[in-house]
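Scroll down for the structure; my scribbles are underneath it.
The values are calculated or read from the model by the stated rules, or taken from the named source; none is laboratory data. Predicted model, so just to flag it, every value in this text is computed and none were measured. Cβ coordinates were reconstructed from backbone atoms using ideal geometry, including for glycine residues, and neighbour counts include every protein chain displayed. Heads up: the accessible areas ignore ligands, DNA and RNA and are worked out on the full protein's heavy atoms, side chains in. Shrake-Rupley method; radii C 1.70, N 1.55, O 1.52, S 1.80 Å.
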Amino acid sequence: MSNMLQPDLIFRNARIIDGTGSPSTTGDLAISGDRLLDLGEIGNLHGEQEIDIEGRVVCPGFVDTHTHDDRVLLTDPDLNCKVSQGVTTVVTGNCGISLAPLKMQGRPPAPLDLLGRHPDEFFHGFADYLKALDDDPPSLNAICQVGHTTLRASVMDSYDRPATSDEIGKMEDMLEKSLEAGSCGMSTGLFYPPARSAPTGEVIALAGILHAHGALHTTHMRDEGDRITESLEETFSIGSDSQVPIVISHHKCSGTSCHGRSVETLAMIDRARMKQPLGLDAYPYTAGSTVLDANRHLRAEKVLITWSEPMPDAAGRDLSAIAAEMGVTEQDAVEALIPGGGIFFMMDEKDVRRILAYPQTMIGSDGLPSDMHPHPRLWGTFPRVLGHYARDVGLFSLEEAVRKMTSLPAACFGIKDRGVLKPGNFADLVVFDPGTINDSSTYENSIQPARGIHQVMVNGQ
């Protein structure tokens, strides 16, 4: 500890969870400027302000590894939906979609339209997007990826085919410039129509640029249902062929026919991790949420509508009730609701728990802040893991839950000086009550801040 600096703030009587997974300790924590000065037994140190937190937990701020916050970082920089649950860093540009670099005419294709429905809402260059964030900084830290679908939309006149060598060359150039500007990597959304026709080789070619820059690749895989093992093999091959670290986004086993297969998929991931750098994230719910299409509802036990351009009043309602009211099939109702989005109940609780408990699983909300009636994960993901799954269910210790949200993603995404409580690191902190922390957000009433979060600091503020 340096006695040269006077603490601006000291938290007294804390249960300190440092983010490494080690057992918690008790003590104090001193902050000077935007950095941690000291923690534990800090002797006679006195701060300009001191707060007795009465045995509550203080831990590193949470890293939301999977977000679609690209636009709200600019339009709603307070980001209450994230800060209120302890998130201090978000990873954007997931599932192949990012706000930059995009040059196109007309409405962007779904799911790009989750970020904006007019090309003027996007940025031609990644540097332009990052400058906009620097000029009007949001309340938390952001790590931004380039979306493969965004690149395709910029250079291709149709998406139902592989990119030509000339188009791949243009995408490589755009990706190179984006990485030089400060992007951390590239995501794919091979599950979605605009990227579905992209062969593995197209992704590997672009991943070669990632390798040259020491960047990473995150993926919404081609299939999370019946062909999940083939999709995993494709993902592994992209990483090994290009020598690029991979993160599997929102790992799940979708559809009744796929329930229970997490035993198989996690064993595959375990074997692959012995040969290549590989991470994964998950959210703590049995329902996912994305754009409506003609067939996705067929695999779901239930669908709630989150937004619909033709029928705004449908938001928050059950698809089956809407279809019955219209006197049509659910298929016809979906067609009438598009463009729109939904919450799809498709996973089994045993798989969710098994994937969450896997030691390498990070926590990512995958929330969609533009939805009129969003999935509860937008406001509730991190408190739900800490309250419901760690404390109430006993799926893992509180220290392990915090590790999955802090040091594990910080190491995976190369986030320096964050994710662990130690002197010299940035003062990204959460103070919460371990006895009361929980999500308040429900499928019926999803825009609800969590319970039990007492203080959130980003860079000492």
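Here are some notes:
- All helices (runs of 4 or more DSSP H) inside segment 297-394 with 1 or more residues being touching a residue at least 40 places away in the same chain (Cβ under 8 Å) and of a type in the set (Phe, Trp, Tyr): 377-384
- When residues of segment 214-229 are limited to those that are among the hydroxyl-bearing types (Ser, Thr, Tyr) and in contact with a strand residue (DSSP E or B) (Cβ under 6 Å, 6 or more places away or on another chain), the one surrounded by the most Cβ atoms within 10 Å (Cβ to Cβ): Thr218
- If you go through segment 263-276 and keep only what is under 30 Å from Pro383 (Cβ atoms) and open to solvent by 10 Å² or more (accessible area, probe 1.4 Å), you end up with Val263, Leu266, Asp270, Arg273.
- When residues of segment 149-187 are limited to those that are free of Cβ contacts under 8 Å to residues at least 12 places away in the same chain and open to solvent by less than 50 Å² (accessible area, probe 1.4 Å), the one farthest from Ile415 (Cα to Cα): Ser158
- Going through (1) within 25 Å of Val83 (Cβ to Cβ); (2) free of Cβ contacts under 8 Å to residues at least 60 places away in the same chain; (3) open to solvent by 30 Å² or more (accessible area, probe 1.4 Å); (4) within 23 Å of the chain's Cα centre (by Cα) one by one, His211 falls short only on (1).
- If the condition is being under 14 Å from Asn438 (Cβ atoms) and out of contact with any strand residue (DSSP E or B) (no Cβ under 8 Å at 6 or more places or on another chain), then segment 377-390 contributes Trp379, Gly380, Tyr389, Ala390.
- Sub-9 Å Cβ pairs linking a first residue in segment 252-276 that is within 24 Å of Gly288 (Cα to Cα) and assigned to a helix (DSSP H, G or I) to a second residue that is open to solvent by 20 Å² or more (accessible area, probe 1.4 Å) and among the acidic types (Asp, Glu), at least 6 apart or interchain, are Thr256/Glu301; Thr256/Asp348; Ser257/Asp226; Cys258/Asp226; Cys258/Asp348; Ser262/Asp348; Met268/Glu233, ordered by first then second residue.
- Some residue of segment 221-242 being in contact (Cβ under 8 Å) with a residue 24 or more places away in the chain, in a loop (DSSP other than H, G, I, E, B) and farther than 28 Å from Ala287 by Cβ: no
- Restricting the search to strands (runs of 3 or more DSSP E) fully inside segment 42-81 and requiring at least 1 residues that are farther than 30 Å from Leu133 by Cα gives 49-52, 57-60.
- Residues that are open to solvent by 30 Å² or more (accessible area, probe 1.4 Å), in contact with a Lys or Arg (Cβ under 7 Å, 6 or more places away or on another chain) and either at pLDDT below 95 or not in a loop (DSSP other than H, G, I, E, B) (or both) within segment 405-444 comprise just one, Phe426.
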